[in-house]
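Peer 1: Handing you a structure now.
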Amino acid sequence: MSVISKETQRLLATGSTLRDMFEEGKRLAKQYGRENIYDFSLGNPNTPVPEELNDAIRQVLDEYDSLTLHGYMSNPGFEDTRQAIADNLNERFGTNFAGKNICMTVGAANAIVIALKILLDPGDEVAVFAPFFLEYRNYISNFCGVTTVVPPNPPTFMPDMDALRNTITEKTKAIIINTPNNPTGVVYDEQTIRNIAAVLEECQEKYGHPIFLISDEPYRELIYDGLEYPFLTKYYANTMICYSFSKCLSIPGERIGYLLVPDEAAESQDILASTANAIRAVGCVNAPSLQQKAIMKVLNARSDTHIYDRNRQLLVSILHEAGFEVANPQGAFYVFVKTPVPDDKEFVSYAKDNYRIIISSGAAFDCPGYIRMAYCVEYAMIEKAKDSIIKLGKDYGLN
């Protein structure tokens, strides 16, 4: 009998498709040279960190004595950091939050896990829209919850309201949405948000209990084509916002974000009081202290997202020229591409073996028949990959 739990054995067996492709890209780079590999596998920001943040970190180190700066604080985070974030959101989105509505977290993933820790009893269901970030299922199973999947809605991949309604049951405690979306790059417009809220209100009335909307928002600022972001608490009271500074500031390794719960949410004060216990229970204790103090100084700073937009336009134009069908990506830094054969894993292997193009299988996002390409890469790499992408399409009779 193995000492490793059955759940951990399952995770070991399935692995991480995205990380596996990333490691494969590194292996091929050693074999053929990095310049001869076209690695679109991992969503790792590649725009420079804003200099304001580097300056802020240096300022914080000078302003505070080391024991205060690097010591414990209240589990939800420094009060001044939380208030600064609340004030910034109020100014940007016309909301009315206070510092108490915010718990600083170890990135958006930690915020989601805290939300689920607070909400879920064993057997409770959480609905997710396919395609979805593959770790959601693991986060939910951590608390013996059940993931229910709203089927994908190609080619637009905008949420289908009838499918959502049919997925929600009496056991549904929450749904998770992610807009701008990973892996499709699709951005939910205001009417879509209103429609989701209406379905949830209807289901709350039907089943007689709150259903929470957990909004995963690491790509909030990465929106193109002049679109605006509808802040979800303004449309649905039982919303929990999970945010990360990883993408807008190009600092995924720093692991800093927050969980926001509005006063209007059901049992909001009890939920907010529970965050201090939940963040300890999942083993984090608190978000990194240095990053909390630095972030509050640069809440309006951004990496140069124009770089991503330029990459997006080039890659989409190449894919269209090659004959591929592409979901319209208006946010994040991903393109979701329909594969010319049903087996997307076979297509991923063919692209890697024949053209050294490293991409991610749509099956990893619960949406087989598609692949994801991350365009947070060097513009020159996309240019260089053009001939290979067009040849790949030609091999399948697309051009």
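Peer 1: Could you tell me what percent of the DSSP beta bridges with both partners in the chain are antiparallel, to the nearest 5?
Peer 2: So the antiparallel bridges in the chain amount to around 45 percent.
Peer 1: I need the phi-derived Karplus couplings for region 354-360: 6.51 cos²θ - 1.76 cosθ + 1.60, θ = phi - 60°, integer Hz, Gly and Pro marked x.
Peer 2: 9, 10, 6, 9, 9, 9, 10
Peer 1: So what is Rg over Rh here for the chain, counting just Cα atoms and using Kirkwood for Rh?
Peer 2: 0.97
Peer 1: While we're looking at this one, here's another question. Taking the Cα centre as origin and putting +1 on Lys and Arg beta-carbons and -1 on Asp and Glu beta-carbons, what dipole magnitude results for the chain, to the nearest 20 debye?
Peer 2: Dipole magnitude for the chain comes out near 960 debye.
Peer 1: Collect residues whose amide H, placed 1.01 Å from N in the peptide plane, falls under 5 Å from the amide H of T148; neighbours closer than 5 in sequence don't count.
Peer 2: V126, A127, V128
Peer 1: Placing +1 on the Cβ of each Lys and Arg and -1 on the Cβ of each Asp and Glu in region 51-295, which of Q83, A197, I112 has its Cα farthest towards the positive end of the resulting dipole?
Peer 2: I112
Peer 1: Tell me, what HN-Hα J-couplings in whole Hz come from the Karplus equation 6.51 cos²θ - 1.76 cosθ + 1.60 at θ = phi - 60° for each residue of region 193-207, using x for Gly and Pro?
Peer 2: In residue order, the calculated couplings are 4, 4, 5, 4, 4, 5, 5, 5, 4, 4, 6, 4, 5, 5, 9 Hz.
Peer 1: Using the Karplus equation 6.51 cos²θ - 1.76 cosθ + 1.60 (θ = phi - 60°), what ³J(HN,Hα) coupling, rounded to whole Hz, does each residue of region 369-378 give in order, writing x for Gly and Pro?
Peer 2: Values, residue by residue: x, 9, 10, 10, 10, 8, 9, 7, 9, 5 Hz.
Peer 1: Sticking with this one: Please arrange S349, S289 by counting, for each residue, the other beta carbons lying within 10 Å of its beta carbon, fewest first.
Peer 2: Taking fewest neighbouring Cβ atoms as first place, the list is S349, S289.
Peer 1: Given region 273-346 reduced to its alpha-carbon atoms as identical point scatterers, what log10 I(q)/I(0) does the Debye formula return at q = 0.12, 0.16, 0.25 Å⁻¹?
Peer 2: Taken in order of the listed q values, log10 I(q)/I(0) reads -0.67, -0.78, -1.15.
Peer 1: Which value, in debye to the nearest 20, describes the size of the charge dipole of region 278-322 about its Cα centre when Lys and Arg Cβ atoms bear +1, Asp and Glu Cβ atoms bear -1, and nothing else is charged?
Peer 2: It comes to approximately 340 debye.
The numbers here are math on the coordinates, done by the rules we state, and not lab data. Quantities reported herein were computed from a predicted structural model and do not represent experimental measurements. When we count neighbours, we look across all protein chains shown, and the Cβ atoms used for this are built from the backbone with ideal geometry, even at glycine.
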